[in-house]
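Report on one structure; see the data block that follows.
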Amino acid sequence: MLSIFNIWGPVNSALFYLSLAVSLAGLGGNALLLWHLGLHIKKGPFNVYLLHLAAADFLFLSCQVGFSIAKMAAGYEDTLHFPVIFLWFAAGLWLLATFTVDCFLTYMLPSYCSPACRPRYTSVVVCLLIWALTMPAVLLPANACGLLYNGMSLLVCFKYHWISVVWLVVLTSMACVGSMILLICGNCCSLQPPPKFCKVAQCSGILLFFCRLPMVVYWCLRPVIAFLFPFFFPLATLLACIDSSAKPLLYYMKGRQLGKKEPLQVVLNRALGEESQSRLGGLSLPMSQV
């Protein structure tokens, strides 16, 4: 029995260094993505979400790298590691869920994009609200449950924790169900191929299901999982790092054309740039309507 528990140390170490390597690679990819989305691609109602999502992924990977280096230097893991990285993870999850639902509504209800239903700067306002609301949604239960430097209050922890669990389950369900419906309707039930932003939402939803879900499960059942499966958090962290690091590569694969060598800016613009006229039931999507 003891020999079984002795393997957790090497497994955790391997997962730790893999997470660090993936995070370093993902930082470069997300930095390029932020550069192109922020400065070289005209803002539309959907790539605004992708810009903020890239920022959330960049912050998540930066904190993961920072805490990993601090752990190697000090020899132990800082208490703030999990709540801090989960803060940016949750922001990215919320942004991804909102982006997926927005794509779903636009694809299924073309009238949703009319100026009367979608005022100008809608996407920007929604993203800013997400950033503002994510901090209390994560830090309040983390503080009550002793994940920060304060002690734990059992009753307050129970109340805040289950509110956060319901919130995360709703977000994950929105993203997974929305991307699944887009995948089915776009490939099986539609006579015309889905727009580019729908394809990005489909792939992001698949990545979320396989790579982000374990971190959500760990947040929801942390005391039980930490006791029974010591390797689960390092594995969930590695999968979350893969998700955050894979998006720039995913966008590049979506935008490139086989047999052509093109500048990165052209490929990303093809994958993430929005056409001034996107034919969704004959409805146009103005580029300035964000």
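The values are calculated or read from the model by the stated rules, or taken from the named source; none is laboratory data. None of the values given here were measured: they were computed from a predicted structure. All Cβ positions, glycine included, derive from the backbone under ideal geometry; neighbour counts span all protein chains shown. Only protein heavy atoms, including side chains, enter the accessible area calculation; ligands, DNA and RNA are left aside. Shrake-Rupley method; radii C 1.70, N 1.55, O 1.52, S 1.80 Å.
Data for the structure
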read-out	value
Computed E for Val165/Leu32 - FRET, C-beta separation, R0 30 angstrom, nearest 0.05	0.30
Spin-label pair Lys42/Arg270, simplified geometry with 7 Å Cα→Cβ offset, distance in nm	1.9 nm
Whole-percent carbon and sulfur share, accessible surface of the range 17-254, 1.4 Å	78 percent
Rounded FRET efficiency, nearest 0.05, which uses the C-beta distance separating Ala73 from Ser173 and R0 of 30 Å	0.15
Cα gyration tensor shape of the range 17-254, rounded if a/c is under 1.5, else prolate or oblate by comparing a/b with b/c	prolate
Contour minus Cα-Cα distance for Lys260 and Val124 (0.36 nm per residue)	45.5 nm
Solvent accessible area, Å² - Leu109, 1.4 Å probe, full protein context	90 Å²
